[in-house]
1. How much FRET efficiency would the formula 1/(1 + (r/R0)^6) give for E216 and Q184, where r is the Cβ-Cβ distance and R0 is 25 Å, rounded to 0.05?
2. Using 7 Å Cα-to-Cβ label points, what is the E256/T239 separation (nm, one decimal)?
3. Treat every Asp and Glu Cβ in segment 110-174 as -1 and every Lys and Arg Cβ as +1, leave all other atoms uncharged, and give the resulting dipole magnitude about the Cα centre to the nearest 20 debye.
4. When a/c is below 1.5 the answer is rounded, else prolate if a/b is larger than b/c, else oblate, so apply that to segment 53-145 with a ≥ b ≥ c taken from the square roots of the Cα gyration tensor eigenvalues.
5. Could you tell me which of T127, L22, N117 has its Cα farthest along the dipole of the chain towards the positive end, charges placed at Cβ (Lys, Arg +1; Asp, Glu -1), taken about the Cα centre?
6. Extending each Cα 7 Å along its Cβ direction at S225 and Q303, get the distance between those two points in nm, one decimal.
7. Using DSSP to call loops (not H, G, I, E or B), can you name the GluC sites (Glu not before Pro) in segment 101-133 whose Cβ has at most 13 other Cβ atoms within 10 angstrom?
8. With every protein chain kept in place and ligands, DNA and RNA left out, what is the accessible area per residue of the chain? Probe 1.4 Å, answer in Å².
Amino acid sequence: MNLSAFTKSTPPTNKVYQLPDLEDWSFPGPSLAVLGHPIAHSLSPRIHNAALAKMGGEFAKWRYYAFDIPHELLPEALVALHINNFQGINLTIPHKVEALELVATLDPVAEKMGAVNTLIREEHGFTGRNTDGYGIETALLQDLGASIPGSDIILLGAGGASRATAVQCLESGARKVWLGNRSQARLQELLDSIGDTGGRMETFPLSAPPSSRMPEDAILINATSLGLKAGDPFPADLTKFPPGLRVYDMIYNPPETALLKQARQLGCLASNGLSMLVHQAAKSLGYWTGAEVPVDAMFAALQDA
């Protein structure tokens with residue numbers, strides 16, 4: 001089949017698919033997908049397909065799709081995707097935790113993070129991995145010149161994104177991780193889930209951070225959802241922290257949250273989560289294809305979006 005004929009027979013990548021669409025899936029090339037609920041807002045198909053197009057060669061016949069899969073249908077969906085030879089899957093809300101029990105094999109770091117966002121097809125099922133940690137570490141270095149090894153990390157939030165980031169920071173040799181949240185009970189749950197950190201993790205209430213003991217060159221990461229909506233309060237007041245922080249907000253839409261605006265007003269080097277989105281995606285695509293991924297094509301696709 002020539003490329004022109006192949007393209008005509010290819011399901012469109014700008015459509016959101018459902019589980020029933022897998023019953024007669026007929027795409028002739030290797031398929032990839034992101035699963036979530038909802039998923040229509042996802043930019044993943046755009047950035048992955050842009051990278052595949054630039055990679056060319058055999059990868060010109062790969063396609064990446066979005067599937068809206070409610071949480072109760074995830075087990076059935078993974079079976080159907082495996083039968084239809086999907087080579088890789090990305091998972092987003094609400095599937096990252098539930099999938100831990102559904103994969104054939106699980107990467108030890110992903111298990112410690114308590115979530116998977118990347119599935120790799122094997123003969124008898126999918127292998128679960130997590131590229132979010134790689135995404136945040138690479139983004140910090142690119143955007144803020146901030147290296148995790150030997151650094152103090154101030155992490156806001158106690159949800160899944162915070163846990164994955166905390167594990168990545170500890171695995172990569174952070175000097176200390178300061179974990180802040182409004183609920184002390186949630187903080188304790190996160191600590192218990194991670195296990196022994198050798199004294200390298202300390203919790204604090206967001207209303208009263210121990211700024212006198214925090215270094216001025218710490219890296220502050222917002223792993224909460226505060227900032228997604230107009231009028232959201234600050235996840236934390238940066239004036240209560242040491243000056244000189246480098247601030248990274250995992251939120252990328254809107255591109256400037258209230259936290260980032262305050263950070264820049266205080267003279268802090270700051271960045272949104274766009275680069276994390278790209279780098280975790282590039283890592284996933286690298287696992288699936290075994291090839292070098294053109295990160296620049298992914299960034300360009302996001303700018304076009």
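The values are calculated or read from the model by the stated rules, or taken from the named source; none is laboratory data. Predicted, not measured: the structure shown is a model, and the values here were computed from it. Every residue, glycine as well, gets a Cβ built from its backbone with ideal geometry; the counts of neighbours run over all protein chains shown. When the accessible area is computed, the model is the full protein with side chains, heavy atoms only, and any ligands, DNA or RNA have been set aside. Shrake-Rupley method; radii C 1.70, N 1.55, O 1.52, S 1.80 Å.
1. Values: r = 26 Å, r/R0 = 1.04.
Result of the calculation: an efficiency of 0.45.
2. For the pair E256/T239, the computed spacing is 2.0 nm.
3. Values: 4 positive and 8 negative charges, 24 e Å.
For segment 110-174, the charge dipole is close to 120 debye.
4. oblate
5. N117
6. 3.1 nm
7. Numbers: sites: E101, E111, E122, E123; in loops: E123.
In loop regions of segment 101-133 (DSSP not H, G, I, E or B), the sparsely surrounded GluC sites (Glu not before Pro) are E123.
8. Values: 13540 Å² over 305 residues.
Value for the chain: 44 Å² per residue.
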